[in-house]
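The values are calculated or read from the model by the stated rules, or taken from the named source; none is laboratory data. Just so we're clear, the structure is a prediction, and the values are computed from it rather than from any experiment. Every residue, glycine among them, receives a Cβ derived from its backbone with ideal geometry; neighbour counts consider all protein chains shown.
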Amino acid sequence: MSGTDARIRLKTLIFLLITVFSNCVGDLSLKWGMGHQRQHFSFTPRVFLQTLFSPWVLIGVVLLIVWLLSRMALLSWADLSYVLPLTSLGYVLTAILGRFFLYERVSWSRWSGTLLIVAGTAMVGLMTRPNTTAQQKDNS
Amino acid sequence: MLLPWLLVATIIVCTALGDLLQSIEMKRHGEVRLEDGRVGRLLKNLARRKYLILAVFLMALSFFAFMKLLAVADLSFSVPATAGSFVLETLLAKLVLGESVDWRRWTGAFLVACGVALLAW
């Protein structure tokens, strides 16, 4: 394994962790904020801006901006079809957070649907090597 | 309940198209290296790219629909349901970007699609 290969693997791992963490906590914070509004949410400017700038929604938005930027960076050297399934593991973690932090009633079909999504993403992540631009250059 | 699924559909289409444009433009830009350039210059460089601006617009649309979805539905429904964008994105990655998508990735995409379908139960 060349030095470039090891470097890009470590960099990919770090950016994957940042991407998943900011996505999960961002979604949780956003849901918490949306669930604790005094008024019914709508797209009229006043209600929309008031909602957007309420503390938990704002924290959620900031974390999701971190998510967007770290994922954009990741996409500059890794394949879309490699990045997506791995980061979508975060979607599933968020569903678990919903169960334990928001006390949502999660039916058996919802758990199995969520687990199928984990299975689908794990299948791609565990069984294929990352296709990165650097690797393709090394091979040629 | 039709509204949550309409919002889910909006999110899936906007996210998939947004990601596609992002990937095209970031690949054209080349690997992002924070150690050999200033962040400000990097952002200025990226802000000039048309596809990237359109991508950000689509992500914003998707985000507003997601806010509304969180207001009307559970977090444990909303988040896995939007994972449906992965199926559309795998298709687009293959058809538009010409990425090599082998049988494992197709099977993965199929399982995710089944998972999302189960959420409707």
**Message:** Can you pull out every residue in region A:18-66 that is aromatic (Phe, Trp, Tyr) and under 19 Å from B:LYS68 (Cβ atoms)?
**Reply:** A:TRP32, A:PHE41, A:PHE43, A:PHE48, A:PHE53, A:TRP56
**Request:** Name the residue, out of A:PHE48, A:PHE21, A:PHE41, that is assigned to a helix (DSSP H, G or I) and farther than 25 Å from A:SER88 by Cβ.
**Result:** A:PHE48
**Item:** Matching residues, region A:40-80, being polar (S, T, N, Q) and in contact (Cβ under 8 Å) with a residue 40 or more places away in the chain
**Value:** A:SER70
**Single residue of region A:66-110 satisfying the filter (more than 8 Å from chain B (Cβ to nearest Cβ) and among the small types (Gly, Ala, Ser)) that is surrounded by the fewest Cβ atoms within 10 Å (Cβ to Cβ)** = A:SER70
**Asked** Does B:LEU43 satisfy being within 15 Å of the chain's Cα centre (by Cα) and of a type outside the set (S, T, N, Q)?
**Response** no
**Prompt:** Does B:LEU46 qualify as being out of contact with any His (no Cβ under 9 Å at 6 or more places or on another chain) and of a type in the set (A, V, I, L, M, F, W, C)?
**Reply:** no
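Among the residues of region B:1-28, which ones are in contact with a Lys or Arg (Cβ under 7 Å, 6 or more places away or on another chain) and more than 30 Å from A:SER42 (Cβ to Cβ)? So that I can check it myself, show each step before the final result.
Applying the first criterion (in contact with a Lys or Arg (Cβ under 7 Å, 6 or more places away or on another chain)) to region B:1-28 yields B:7, B:25.
Across region B:1-28, the qualifying residue is only B:GLU25.
Here's the yes/no breakdown for (1) at pLDDT below 90; (2) within 11 Å of the chain's Cα centre (by Cα); (3) more than 9 Å from chain B (Cβ to nearest Cβ):
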site: A:THR19; (1), (2), (3): no, yes, yes
site: A:SER22; (1), (2), (3): no, yes, yes
site: A:HIS36; (1), (2), (3): yes, no, yes
site: A:HIS40; (1), (2), (3): yes, no, no
site: A:PRO55; (1), (2), (3): no, no, yes
**Request:** Kindly check whether there is at least one residue in region B:43-61 that is within 7 Å of another protein chain (Cβ to nearest Cβ) and touching a residue at least 24 places away in the same chain (Cβ under 8 Å).
**Result:** yes
**Request:** Considering (1) more than 29 Å from A:LEU52 (Cα to Cα); (2) among the β-branched types (Val, Ile, Thr); (3) within 9 Å of chain A (Cβ to nearest Cβ), say which one B:VAL96 fails and leave the rest.
**Result:** (3)
**Request:** Working only within region B:51-95, note down all residues that are aliphatic (A, V, I, L, M) and out of contact with any helix residue (DSSP H, G or I) (no Cβ under 7 Å at 6 or more places or on another chain).
**Result:** B:ILE53, B:VAL56, B:ALA60, B:LEU91, B:LEU95
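How do the helices (runs of 4 or more DSSP H) wholly within region B:4-121 filter down when requiring 1 or more residues that are surrounded by fewer than 21 Cβ atoms within 10 Å (Cβ to Cβ) and modelled with pLDDT of 90 or more: which remain? Give the derivation first.
On the way: elements: B:39-47, B:50-72, B:75-82, B:85-95, B:103-119.
Those helices (runs of 4 or more DSSP H) span B:50-72, B:85-95, B:103-119.
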